[in-house]
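The values are calculated or read from the model by the stated rules, or taken from the named source; none is laboratory data. Because the structure is predicted, anything quoted here is derived from the model rather than measured. Cβ placement follows ideal geometry from the backbone for every residue including glycine, while neighbour counts extend to all protein chains displayed. When the accessible area is computed, the model is the full protein with side chains, heavy atoms only, and any ligands, DNA or RNA have been set aside. Shrake-Rupley method; radii C 1.70, N 1.55, O 1.52, S 1.80 Å.
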Amino acid sequence: MSKKPVRVAVTGAAGQIGYAILFRIASGEMLGKDQPVVLSLLEVPMEKAQQALQGVIMELQDCAFPLLVGIEAHSDPLTAFKDVDYALLIGSRPRGPGMERAELLAVNAEIFTAQGKALDKVASRNVKVLVVGNPANTNAYIAMKSAPSLPRKNFTAMLRLDHNRALSQIAAKTGKAVADIEKMTVWGNHSPTMYADYRFATIKGESVKTMINDEVWNKDTFLPTVGKRGAAIIAARGVSSAASAANAAIDHMRDWALGTNGKWVTMGIPSDGQYGIPKDTMFGFAVTCEGGEYKLVEGLEVDAFSQERINVTLKELQDEQAGVAHLL
Ligand SMILES: NC(=O)c1ccc[n+]([C@@H]2O[C@H](COP(=O)([O-])OP(=O)(O)OC[C@H]3O[C@@H](n4cnc5c(N)ncnc54)[C@H](O)[C@@H]3O)[C@@H](O)[C@H]2O)c1
Ligand SMILES: O=C(O)C[C@H](O)C(=O)O
């Protein structure tokens, strides 16, 4: 018997990431090749954006995806989020050349207050929310705090792009396949302060840290390369990453919904106080997923260097949170 369709909301649907993600969701890459979906697409109520959205919808129709059983265009989150099972909050202003993510905070914070409230009112009580729009961790925190009747655990932020970037750098350094790397994680904020940590990583059972054995490379090359990759892409393309961001969002939601078979992935999730991260801080942690739930990997050793890095990224997140406290 075929599965009941699920409702998937995507905001910023006529934007760059929207264009790179919608066709993949509709083809079943996110929720499985047996899961019919209804796409509920939200754009700003401006003629140009709504017109562009109609163009994207025409293209979705022209793909004749068997799993795509409905498409809706919206300009109001209260209608877009009605009964949604999944919400990908992408729509917001991206960074331009030379901008830091913190500068986006003020511009984008109000969007996530309004969308959190709308989810609270009308979404499925089990909705899985992924915030992609930057600054992603703090926007997810704002949305979560604006939706008090939904479980906190339903709100997550995207750290998967940093995780995938780290995998790729490690594969290049070791000359091994990305697919063979296990137990990579990224702690903290989706920003240059994030701490990509390969101390626990293995390739076919062998320690990556031992294989690389180069602390200077870790500190001076690996961490800055992963941390500043977003800016490097903006400098090269003139616009921010889109296909890789869409890919990371697909990975995040797919793993959350369908499970990781014990493999570690990184998700930004509200802390319950583990590793000394204050409750509710939307922080990147290693998790495994099973049965539609994520579970934090506990008990990892935090050495002095790691603690220092974790403190820096936590401080940045706490400053961001303080900067939006008046909105909550
Ligand atoms: N977390 C990550 O790893 C990551 C990676 C890449 C990009 N991003 C962020 O994702 C966001 C989107 O990037 P993009 O390249 O698609 O930008 P874009 O400008 O191409 O598209 C954004 C779209 O969002 C729409 N939008 C703006 N406010 C909205 C609202 N309130 N409701 C609905 N739609 C709204 C705009 O009209 C636009 O069409 C940016 O904030 C960017 O910085 C995050
Ligand atoms: O860096 C940006 O502003 C875009 C995105 O967050 C990225 O990491 O590529």
### Message
Which count do you get for residues in region 124-141 that are open to solvent by less than 10 Å² (accessible area, probe 1.4 Å) and away from ligand 2 (no atom under 16 Å from the Cβ)?
### Response
2
### Task
Name every residue in region 78-93 that is surrounded by fewer than 22 Cβ atoms within 10 Å (Cβ to Cβ) and of a type outside the set (Asp, Glu), in order of residue number.
LEU78, THR79, LYS82, ARG93
#### Entry: Matching residues in region 75-126 - criterion: being charged (D, E, K, R), outside any helix (DSSP H, G or I), more than 8 Å from ligand 1 (Cβ to nearest atom) and modelled with pLDDT under 95
GLU100
### Query
Does region 22-32 contain any residue that is on the phi < 0 side of the Ramachandran plot, within 14 Å of ligand 1 (Cβ to nearest atom) and surrounded by 18 or more Cβ atoms within 10 Å (Cβ to Cβ)?
yes
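It is to be established whether one or more residues within region 176-190 are under 25 Å from GLU103 (Cβ atoms) and of a type in the set (S, T, N, Q).
So far as region 176-190 goes, yes, one or more of its residues are under 25 Å from GLU103 (Cβ atoms) and of a type in the set (S, T, N, Q).
Rundown of residues vs (1) part of a helix (DSSP H, G or I); (2) of a type in the set (S, T, N, Q); (3) assigned by the TED database to the domain that holds SER240; (4) at negative phi, yes/no style:
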{"position": "LEU130", "(1), (2), (3), (4)": "no, no, no, yes"}
{"position": "ALA140", "(1), (2), (3), (4)": "yes, no, no, yes"}
{"position": "ALA143", "(1), (2), (3), (4)": "yes, no, no, yes"}
{"position": "PRO148", "(1), (2), (3), (4)": "no, no, no, yes"}
{"position": "GLN169", "(1), (2), (3), (4)": "yes, yes, yes, yes"}
{"position": "ALA172", "(1), (2), (3), (4)": "yes, no, yes, yes"}
{"position": "LYS176", "(1), (2), (3), (4)": "no, no, yes, yes"}
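Anything in region 119-134 that is of a type in the set (A, V, I, L, M) and more than 28 Å from SER241 (Cα to Cα)? List them, or say none. Spell out the reasoning first.
Let us first name the residues in region 119-134 that are of a type in the set (A, V, I, L, M), namely 119, 122-123, 127, 129-132.
VAL122, ALA123, listed by residue number.
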### Query
Under 7 Å by Cβ, and 6 or more places apart or on different chains, what pairs join a residue from region 1-27 that is within 12 Å of ILE57 (Cβ to Cβ) with one that is open to solvent by 10 Å² or more (accessible area, probe 1.4 Å) and within 16 Å of ligand 2 (Cβ to nearest atom)?
VAL10/ILE90; GLY18/GLY12; GLY18/ILE90
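In the set GLY227, GLY268, GLY276, which member is within 16 Å of ligand 2 (Cβ to nearest atom) and over 26 Å from TYR86 (Cα atoms)? Quick ask: steps written out before the conclusion?
On the way: GLY268 fails: over 26 Å from TYR86 (Cα atoms); GLY276 fails: within 16 Å of ligand 2 (Cβ to nearest atom).
Matching residue, one of GLY227, GLY268, GLY276: GLY227.
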### Query
Among the residues of region 1-60, how many are of a type in the set (Lys, Arg) and either within 16 Å of ligand 2 (Cβ to nearest atom) or part of a loop (DSSP other than H, G, I, E, B) (or both)?
3
